Amino acid sequence: MSRLLSKLAPVIHKRSVRSFSSSTTGPYLSLSLSAKPSSEGVLNIGEVVLYDPAKQELLNLTDKAIPEEIVTAKWIGASKGWSFFSDTQDRCVLITDSLNPWACKSNPKLLTLPPLNPLFSCQTDVIWNVAMSSCPDDDEDWVVGIKSLGDQVSFCRPRRDLRWTKFQTPFDHFPTSNLTYSKRDRKFYLPGPGGHHLLSYNLDFNKADQPEFHELQFRNFPESFKYDSELSEMFPSSCRTERFVESPTGDERFLVKWYAKGCLAYSSKITYETQRFMVFREEETTEGRFMCYTDDIGDLCIFVSKSEAFCVPASSYPGLKPNSIYFVGFGLGIYDLTTRDVSTFRAPKGALNQIVSPYWFPPASS
């Protein structure tokens, strides 16, 4: 992750570091969390550093109270402005709003869920991504979903039952699929490899139930990229992941295919750099539901990382580029859907020399 901070902002303003003072923020990127023990021994006083891609500035959240439990815990994911950690000793799942700019500086929230226990032959030591149906404070039926590296998906309704309900994906080819929540459908979705089908899980999950299987049909491929095999020929050492994302109003949904090219690094390890994205808009027709290729998502920006993908209108956050994808994972930058150009970020003056599990966070407000 340390290499990512060498790529942070297409254009750097002279004032590259600021303290948080606004009543609202746009989307932001988590960079680091540091803390030192307090005299009370319960909370630690620390600093959270975020990056604002619209203003192209760092946000320094100083004198933040950091729960001691997460100082030594492993960061495993983020969803809807909340961060997920795994306790290194008992493997309990910890959820906190400590990195939210509007969380209480002196008394951040910390929620503890029981540890994940694996199904037979499944792996839970590596969490691939997390998703939530809503923020913990917003809904009595708040549901947490966790996708492990492998074929296990786990759900918990903390306000009603702290036990995890675990599912094994019906096929063995979902190891790195990303779980996401649809507010419109009140379902969790898991795209299959290649994005040719989806699994969906209802909020009223029951161990006896099986996820619903949705086969996706595609239309309007551009001639130069009509088949995935053509993409593979163009990028023989490429990899691809998929994200299912819903617009803020819920009236539009997209399947995002993310292609990255492998490069041999000095350490003799393969590193991946983003090559391109393909976006498909969901359209309902009399013939059924289709995913139609588009290079025009209008005023929207899509943010993809290992946290839940989300959209925001660029016009609501001056400085964001409409019709673009902001990405972190295979590099860090912006993809322009119109020109198909990739712009990488460069580090602003004063940036830290290492980055801790970067995730895009959606807009936050007081």
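Listed values, structure above:
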{"item": "Links that overshoot a 18 Å alpha carbon limit, given the list K64/K147; K80/K321; K64/K109", "result": "K64/K147; K80/K321"}
{"item": "Sequence-distant residues sharing a close amide H with G77 (under 5 Å, placed H)", "result": "F84"}
{"item": "Computed FRET value (nearest 0.05) for D341 with C92, which takes r as the C-beta separation and R₀ as 51 Å", "result": "0.70"}
{"item": "Net charge, I334 excluded, C-beta distance under 9 Å - Lys, Arg +1, Asp, Glu -1", "result": "-1"}
{"item": "Distance-filtered residues of the stretch 308-333 - backbone nitrogen under 17 Å, label point 7 angstrom along E273 Cα→Cβ", "result": "327-333"}
{"item": "Accessible area in square angstrom per residue, the stretch 141-225, 1.4 angstrom probe", "result": "47"}
{"item": "Amide H contacts under 5 Å for F310, placed H, 5+ residues apart", "result": "F303"}
{"item": "Those GluC sites (Glu not before Pro) in the stretch 241-334 that DSSP places in a loop and that have at most 10 other beta carbons within 10 Å", "result": "E287"}
{"item": "Residue-level accessible surface for V48, protein heavy atoms, 1.4 Å, Å²", "result": "0"}
{"item": "FRET efficiency for N117 and D295, using Cβ-Cβ distance with R0 set to 56 Å, rounded to 0.05", "result": "0.80"}
{"item": "Two-site FRET efficiency, N107 against E223, from Cβ-Cβ distance with R₀ of 45 Å, rounded to 0.05", "result": "0.20"}
{"item": "Simple spin-label estimate for R163 and D209 in nanometres, 7 Å along Cα-Cβ", "result": "1.7"}
{"item": "Carbon/sulfur fraction of accessible area - the stretch 78-181, other protein chains in place, 1.4 Å, %", "result": "49"}
{"item": "Radius of gyration and Dmax over the Cα atoms of the stretch 42-173, both given in Å", "result": "15.8, 48"}
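The values are calculated or read from the model by the stated rules, or taken from the named source; none is laboratory data. This one's a predicted model, so the numbers in the text were calculated from it and none came from an experiment. Here Cβ is always computed from backbone atoms with ideal geometry, including for glycine, and neighbour counts include all displayed protein chains. Areas reflect the complete protein model, heavy atoms only, side chains present, ligands, DNA and RNA absent. Shrake-Rupley method; radii C 1.70, N 1.55, O 1.52, S 1.80 Å.
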